[in-house]
Amino acid sequence: MDCLFCKITAGEIPSTVVYETEDVLAFKDIAPQAPFHVVIVPKQHIPSPAHITAENSDVAGKIILAAAEIAKQEKLENGYRIVANCGEDGGQTVGHLHFHMLAQRNLSWPPG
Ligand code: AMP
Ligand code: ZN
């Protein structure tokens, strides 16, 4: 399958991995929007948040757990933001479910 994040989880495209479990991988975003910016993805190919089902929804909890573990590991004591863009209006550009994790700057709300 021609999917960028499947290629990254398979190690076919290099990435800077910061955290990995059996089910999820977190790696540095190539175009960081904050001093700390990683992308957390399931190793299973799920196209977007809209493709979460009763059968695969456990992965969403695993991604949020990964973020909490990464925050401890990276000592992000001042907090962080996790956000998943979905579809065209959501600003999604890569068709493999991912949560952005941003930290180490004061993030504005609401987002643009
Ligand atoms: P989104 O626009 O929400 O779909 O997020 C896709 C993210 O993937 C963007 O923040 C990109 O900077 C990031 N990205 C694209 N290609 C790579 C890559 N090869 N390695 C790491 N991050 C990437
Ligand atoms: Zn994929």
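Each reported figure results from applying straightforward, stated rules to the coordinates on display, with no laboratory input. Predicted, not measured: the structure shown is a model, and the values here were computed from it. Cβ sites come from the backbone with ideal geometry, for glycine too, and all protein chains shown count toward neighbours.
Screening the candidates ILE63, ILE70 for the property of being within 16 Å of ligand 2 (Cβ to nearest atom), within 18 Å of ALA103 (Cβ to Cβ) and among the β-branched types (Val, Ile, Thr) yields one hit, ILE63.
Across the range 69-96, the number of residues qualifying as outside any loop (DSSP other than H, G, I, E, B) and over 25 Å from PRO110 (Cβ atoms) comes to 3. Considering only residues in the range 56-100 that are of a type in the set (Asp, Glu) and touching a residue at least 12 places away in the same chain (Cβ under 8 Å), the one that is nearest to LEU25 (Cα to Cα) turns out to be GLU69. For the range 90-112, check the following and say yes or no: at least one residue is more than 18 Å from ALA34 (Cβ to Cβ), loosely packed, with under 12 Cβ neighbours inside 10 Å and not basic (Lys, Arg). Checked against the condition, which is being more than 18 Å from ALA34 (Cβ to Cβ), loosely packed, with under 12 Cβ neighbours inside 10 Å and not basic (Lys, Arg), the range 90-112 yields no hits at all. Of all residues in the range 48-68, those being assigned to a helix (DSSP H, G or I) and of a type outside the set (A, V, I, L, M) number 5. Give the residue, chosen from THR53, THR21, THR16, that is more than 13 Å from ligand 1 (Cβ to nearest atom), touching a residue at least 12 places away in the same chain (Cβ under 8 Å) and surrounded by fewer than 14 Cβ atoms within 10 Å (Cβ to Cβ). After ruling out the rest, the residue left standing is THR21. Checking each residue in the range 24-50 for being in contact (Cβ under 8 Å) with a residue 24 or more places away in the chain and aliphatic (A, V, I, L, M) picks out VAL24, ALA26, ALA34, VAL38, VAL39, ILE40, VAL41, ILE46, ALA50. Being away from ligand 2 (no atom under 11 Å from the Cβ), not in a loop (DSSP other than H, G, I, E, B) and not aliphatic (A, V, I, L, M) is the filter here; which residues of the range 1-40 pass it? TYR19, GLU20, PHE27, LYS28, PHE36, HIS37, listed by residue number. Of all residues in the range 24-50, which are among the aliphatic types (A, V, I, L, M) and loosely packed, with under 15 Cβ neighbours inside 10 Å? Within the range 24-50, ILE30, ALA31, ALA50 qualify.
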